[in-house]
Amino acid sequence: MHLGDDGGRALLEQAGTDLSRWLCPWFTAATARKTLGELRQGREKLFGHRETGHLDTEFLRADGTLAIEPFTALFDGPDEPARELQGIWAARRHAHAADDREQTVLFLTAAAALRVTRPGPAIALARDIRTLLRTVAEAPRPRTCAHDGHPALERLDGAVLRHLHAPETVPAPRPDAEAFGCPARLAALAAAGVRDVDGWCGKEDQAPSPPPPAVWPGAR
């Protein structure tokens, strides 16, 4: 601001500032290049495509099913960028899941990724996950369920995901674990997620959604 007018420059000179260094064309050009590079990096981080193919080797077994232990270890970890990328991977993997249980784990992971950072997720992350959220929100769902209430998504952890993935062999870590996989709850989470992402990113031009599954797990 001081460099922008005569009075400001006069004040800087009185304070002993060497204006020739600040107004040097070489300095301003180098500053512009550095700033442009930072802007491009920031734009890519917010809006660029996220590559997730390398996570297949980490999260999939040889038979193509979900490797739940390393998957939930990352989910419980403190690395927020890695958890966001995991959410995108889960959203893209959902349509290729081995069964309903794996779909439930992948959906919950993707939905939780939207809440990793505050005040909101990167646009690229939100848009990628919105496709899955919209598909789930538009799927047929039961109107009622047997649960008195449903736990907040913020309470989801790896122990619950491991139980939902293999309830016959992994005991429920707490009484409300089953409610995380409730079909009515999943559909409500999806609908709320679509509204949130539309608020962050603006509504997308709605193309036809992929065919939804016939019913949600547990709704038969």
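Sort out which residues of region 18-55 are within 30 Å of H163 (Cβ to Cβ) and surrounded by fewer than 12 Cβ atoms within 10 Å (Cβ to Cβ), and write them in order of number. Across region 18-55, the qualifying residues are G53, H54.
Which of the residues belonging to region 163-178 are at pLDDT 95 or above and in a helix (DSSP H, G or I)? Scanning region 163-178 gives H163, L164, H165. Can you spot a residue in region 121-143 that is surrounded by fewer than 17 Cβ atoms within 10 Å (Cβ to Cβ) and of a type in the set (V, I, T)? There is no residue in region 121-143 that is surrounded by fewer than 17 Cβ atoms within 10 Å (Cβ to Cβ) and of a type in the set (V, I, T).
Just need a number here: residues in region 90-119 that are under 21 Å from T57 (Cβ atoms), surrounded by fewer than 19 Cβ atoms within 10 Å (Cβ to Cβ) and among the hydrophobic types (A, V, I, L, M, F, W, C). Number of matching residues: 3. When the test is whether a residue is within 30 Å of I123 (Cα to Cα) and β-branched (V, I, T), V160 passes it. Looking at region 70-78, is at least one residue closer than 20 Å to A188 by Cβ and assigned to a helix (DSSP H, G or I)? No, the conditions are met nowhere in region 70-78. Every test in (1) modelled with pLDDT of 50 or more; (2) buried (at least 20 other Cβ atoms within 10 Å of the Cβ) is passed by R195 save one, and that test is (2).
The values are calculated or read from the model by the stated rules, or taken from the named source; none is laboratory data. Since this is a predicted model, take the numbers as computed values, not measurements. We place every Cβ from the backbone using ideal geometry, glycine too, and count neighbours over all the protein chains shown.
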